[in-house]
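To start, the structure itself, in structure tokens.
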Amino acid sequence: MASPDILRTEALRCVWQDGTVALDGVDLSIRTGEVTALLGGNGAGKSSLLLGLNGILKPRSGRVLFGDEPLDYSVKGLKSLRQEVGIVFQNPDAQLFASSVYEDISFGLCNLGLPEPEARRRIDAAMELVGVAELARKSVHHLSFGQKKRVALAGVLAMEPSVLLLDEPTAGLDPQGADAIMRFIRDLQRSSGMTVVVATHDIEMVPLFCDRACVMERGRVLFEGEVASMFEHRDLVRKAGLRLPRIAHLIEILVSKDGFTLPGNAMTIGQARKILKQLNVKSDENRSV
Amino acid sequence: MRTLDHYAASSRLRDVAPGYKLLYALPPIAMVLWVDSVPFSLLVFGLMSASVVLKGGVRPADYLRWLLLPAGFLVIGTAAVAVDVSAHPEAFIVSAPVVGAHIGVTSAGLAMAIHLAFKAMASVSCLYFIAFTTPVADLGRSMSALGVPALFIEMTLLVYRFVFLLFETASEMATAQRSRLGYAGTVASFRSLALLGSNLFFFSARRAEEVYVAMECRGYDGSIRILAPSSGARQPSLAGIALVEAALLCVAVATHFGRLF
């Protein structure tokens, strides 16, 4: 049986070239086949952690383990790591360099040294998957921001990594576009068992699309656990410069300020409906007694 | 205004294999330069313009507007050829005396200028045919088929991609400066322009770093290997192009040796 944690950091400490401490002793386990949200305000170290997991940012002390093996920072080791751990950057313009969509998606596959027919099959599949097939021959600079994000994602998905690291996948997208991309990632994880790590401060997305949450502040992990348990640790969430999802905040106020006794917590509209319905049933029972 | 690149991307001739388009548009340039006759230049100009507008699907008004750009340069350039200086006013068609000499236009100079202008416009129309129908990426690929070194093509395509990014960023920065009155007055304009330039330099350096990291993440090891989209390119009949070129060549030869025009 495979280890439940596909990626692990142990007392990971990373320092940028200018002396800024990016990560200050991070102990974190990423569970296989789950969606983990990395939460934190600006400069909390989310992006640095993603770069650390991908072997771009080398630890000053501590270590990163993939499977149960510490990362091998040799050229060959990094190459095989990056085949398994793909990263999609926040700004698609920093990632897309080729002149046409098709060529850009082919880049990673050519680097894997795949035979051409297999590479072409994977490019077509990846374009189909993220819905950019009709853009294949387009120039990258003629695409909209949302399309660029999808193409950047396709370029990484085509490499068929077992872990997908996403830096702010919803930033800069309209609400429906953001929902669509998160739903897509969730479906992908469910259908292919891919492990996903999402760095975001879009807190509303977390209870809808993620299994676990990790809250970071100033290069440290404040809290790590099931998304549902974020509610109990809301003081830590707030300490990190974040807030609860609106629904969770509403429930909190109803209980603490307005004296409601609710049969549970809720962070999404679905969960809130459930407990309000229960409340409704109870009050009906009280009336009929 | 849309960039030429937009026209190329949406051209009806876009999917024609680039080699054929080069074969169609490049030989006429050589012929125009060799024949050096106004009617022949007009013929080539008409043929290429008709190809761009009728076959490529560019709106005539747009095409004419794009022609104004080289036409502007041409007027300035050929005017210098037509104008001459001489001590004797009788050589000129029109002239004006300027401190002991005469500046004016001779009939020979005028004829030369007109020849030059038509030749240049005909050549421009040939190049416009390529520019309006062929995206740069396709041109790059056809260059590799001609044996141009891969490094050169990689550089060309990277520059091409990032020129757009640089241009976009520069215009955003300039807009932001303008909204804070950065270009009100000469002094402010110079200062703003200098700041824009240095900011762009830092931006480029940072962007280069980001792109490098992102490429590394996808296994970049020093050489860019990519696959071109499987060639869905249309292969027009070679005979048709050859026929057009041969007909042009016949007219060119006949014109050159004085049998025509």
Among (1) within 7 Å of chain B (Cβ to nearest Cβ); (2) more than 30 Å from A:Leu222 (Cβ to Cβ) - the single one A:Arg82 does not satisfy: (2)
Unique match (being out of contact with any helix residue (DSSP H, G or I) (no Cβ under 9 Å at 6 or more places or on another chain) and within 11 Å of chain B (Cβ to nearest Cβ)) among A:Pro92, A:Pro117: A:Pro117
Selected residue [more than 14 Å from every other protein chain (Cβ to nearest Cβ), part of a helix (DSSP H, G or I), touching a residue at least 60 places away in the same chain (Cβ under 8 Å) and out of contact with any Cys (no Cβ under 8 Å at 6 or more places or on another chain)] from B:Leu110, B:Leu139, B:Leu127: B:Leu127
Helices (runs of 4 or more DSSP H) completely within the stretch B:142-261 that count 1 or more residues being out of contact with any strand residue (DSSP E or B) (no Cβ under 6 Å at 6 or more places or on another chain), surrounded by 11 or more Cβ atoms within 10 Å (Cβ to Cβ) and facing another protein chain (nearest Cβ under 9 Å): B:150-179, B:186-217
Single residue of the stretch B:2-50 satisfying the filter (outside any helix (DSSP H, G or I) and under 16 Å from the mean Cα position of the chain (by Cα)) that is surrounded by the fewest Cβ atoms within 10 Å (Cβ to Cβ): B:Arg2
Of all residues making up the stretch A:92-118, the number that are surrounded by fewer than 21 Cβ atoms within 10 Å (Cβ to Cβ) and within 9 Å of B:Leu227 (Cβ to Cβ): 2
Pairs where the first residue, in the stretch A:34-56, is under 16 Å from A:Thr20 (Cβ atoms) and the second is part of a helix (DSSP H, G or I) and of a type in the set (Ser, Thr, Tyr), C-beta under 7 Å, 6+ apart: none
Count - residues of the stretch A:124-145 that are part of a helix (DSSP H, G or I) and within 13 Å of chain B (Cβ to nearest Cβ): 10
Unique match (being under 30 Å from A:Thr20 (Cβ atoms) and surrounded by fewer than 16 Cβ atoms within 10 Å (Cβ to Cβ)) among A:Gly225, A:Gly264, A:Gly193: A:Gly225
Residue under evaluation B:Tyr220, criteria (1) under 17 Å from A:Asp104 (Cα atoms); (2) hydroxyl-bearing (Ser, Thr, Tyr); (3) in the same structural domain as B:Leu43 (by TED's automatic domain parsing), criterion not met: (3)
Residue in the stretch A:242-289 that is farthest from the chain's Cα centre (by Cα), counting only those that are among the small types (Gly, Ala, Ser) and assigned to a helix (DSSP H, G or I): A:Ser288
Any hit, the stretch A:146-157, residues being surrounded by fewer than 20 Cβ atoms within 10 Å (Cβ to Cβ) and either assigned by TED's automatic domain parsing to the domain that holds A:Glu34 or part of a helix (DSSP H, G or I) (or both): yes
Count of the stretch A:95-114 residues which are more than 7 Å from chain B (Cβ to nearest Cβ), of a type outside the set (A, V, I, L, M, F, W, C) and assigned to a helix (DSSP H, G or I): 1
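Conditions tested, residue by residue: (1) among the hydrophobic types (A, V, I, L, M, F, W, C); (2) within 31 Å of the chain's Cα centre (by Cα); (3) under 30 Å from B:Trp66 (Cα atoms); (4) not assigned by TED's automatic domain parsing to the domain that holds B:Leu67.
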position: B:Ala82; (1), (2), (3), (4): yes, yes, yes, no
position: B:Val85; (1), (2), (3), (4): yes, no, no, no
position: B:Pro89; (1), (2), (3), (4): no, no, no, no
position: B:Ala96; (1), (2), (3), (4): yes, no, no, no
position: B:Gly104; (1), (2), (3), (4): no, no, no, no
position: B:Met112; (1), (2), (3), (4): yes, yes, yes, no
position: B:Ala120; (1), (2), (3), (4): yes, yes, yes, no
position: B:Ser123; (1), (2), (3), (4): no, yes, yes, no
position: B:Cys126; (1), (2), (3), (4): yes, yes, yes, no
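The values are calculated or read from the model by the stated rules, or taken from the named source; none is laboratory data. Keep in mind the model is a prediction, meaning the values are calculated, not measured. Note that we place each Cβ from the backbone using ideal geometry, even for glycine, and neighbour counts take in every protein chain shown.
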